[in-house]
Amino acid sequence: MAWQVFYDTSVQRSFRFLEHQALPFRTEFFNAFNRPNLFTDGGVNSFNLMNPNFGNIASTINGTRQIKFWLKYSF
């Protein structure tokens, strides 16, 4: 069984202007350290040494690092 590790995190800061006005800024990081989770076919014969596809990694489970920014004005 392969280990899957996901590092998702976010940072938020809110700036206040007047008594009822705020400007929150948020940054979200998905796969923050850009670590690949390798994927094999996972079939019945995937652990058979005689299988010609043994040890062949087809793709990764998760994509590359994604960073999202958002800004909202609250009044």
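Bear in mind that the values in this text are calculations on the coordinates, not laboratory data. Only a predicted model underlies this, so the values are computations on that prediction, with no experimental measurement involved. Heads up, the Cβs are rebuilt from the backbone with ideal geometry, glycines too, and the neighbour counts pull from every protein chain shown.
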**Report entry** Projected label distance in nm at Asn48 and Val11, using a 7 Å step from Cα toward the beta-carbon
**Finding:** 5.1
Requested in this report: Could you go through the stretch 25-30 in sequence order and give the Karplus-derived ³J(HN,Hα) for each residue, using 6.51 cos²θ - 1.76 cosθ + 1.60 with θ = phi - 60°, rounded to whole Hz, and x for Gly and Pro?
Outcome: 10, 10, 10, 10, 10, 10
Query raised in the report: Under a 5 Å amide H to amide H cut-off, with H placed in plane at 1.01 Å, what residues pair with Asn37 once short-range neighbours are removed?
Result: Ile61, Asn62
